[in-house]
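Encoded as structure tokens, the structure appears first; notes follow it.
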Amino acid sequence: MQPIEHVVTAEVSTPDHAGGRLVVWIRHRPDDPLAVRLDFAPTGGPEQSAATWVFARSLLSEGVTAPAGDGDVRVRPGDAYETHIELRPAHGHCLVRFRTAALRSFLARTETWPPQVSARVRSELDRTLDAILRRA
């Protein structure tokens with residue numbers, strides 16, 4: 001199974017820069033079904049990424065309708081047509097503005113994966129919870 005990839009143009013701003021447009025690859029991989037990846041690349045493709053952020057797909061799904069996240073990644077609705085993703089590395093932060101329709105289209109494509117992906121998600125979750133409980 002191939003990764004699901006959606007290429008969008010987003011507006012990126014930092015406290016020091018008013019903003020600019022950047023190509024962003026949003027990816028969902030079958031070997032990591034609980035995560036999404038944002039690959040920021042000025043040219044080329046995701047393999048030439050200047051930066052990659054990986055976070056929970058559920059955070060993106062929740063954030064298009066209501067504020068979500070309180071750590072390094074925060075997602076919230078903007079105006080009627082935008083969703084804002086705030087990325088907070090150890091030094092500074094940036095705000096990425098996406099068209100909500102593009103994010104919803106991507107999310108819809110990731111929900112149509114075959115049943116074996118859902119089974120893998122359950123298996124991975126069970127394994128992760130088991131590891132956490134053994135350490136507690």
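The values are calculated or read from the model by the stated rules, or taken from the named source; none is laboratory data. It should be emphasised that the depicted structure is a prediction, and the values quoted were computed from it without experimental measurement. Please note: Cβ atoms are built from the backbone with ideal geometry, for glycine as well, and neighbour counts cover all protein chains shown. The accessibility values were calculated without ligands, DNA or RNA, using every heavy atom of the protein model including side chains. Shrake-Rupley method; radii C 1.70, N 1.55, O 1.52, S 1.80 Å.
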Pairs where the first residue, in region 51-73, is within 19 Å of residue 5 (Cβ to Cβ) and of a type outside the set (Val, Ile, Thr) and the second is assigned to a loop (DSSP other than H, G, I, E, B) and open to solvent by less than 40 Å² (accessible area, probe 1.4 Å), C-beta under 8 Å, 6+ apart:
57/33
So, in region 73-85, of the ones that are touching a strand residue (DSSP E or B) at 6+ places or on another chain (Cβ under 7 Å) and in a loop (DSSP other than H, G, I, E, B), which residue ends up surrounded by the most Cβ atoms within 10 Å (Cβ to Cβ)?
78
Enumeration of residues in region 30-58 that are among the hydrophobic types (A, V, I, L, M, F, W, C), open to solvent by less than 30 Å² (accessible area, probe 1.4 Å) and modelled with pLDDT of 90 or more
35, 36, 38, 55
Pairs please, first residue from region 86-110 and in a loop (DSSP other than H, G, I, E, B), second anywhere and at pLDDT 90 or above, Cβ atoms under 8 Å, 6+ apart in sequence or on different chains.
88/72; 88/73; 88/74; 89/72; 93/86; 93/87
Of (1) modelled with pLDDT under 90; (2) aliphatic (A, V, I, L, M); (3) within 15 Å of residue 86 (Cα to Cα), residue 8 fails just (3)
Odd one out for residue 2 among (1) of a type outside the set (D, E, K, R); (2) over 22 Å from residue 88 (Cβ atoms); (3) touching a Lys or Arg at 6+ places or on another chain (Cβ under 8 Å):
(3)
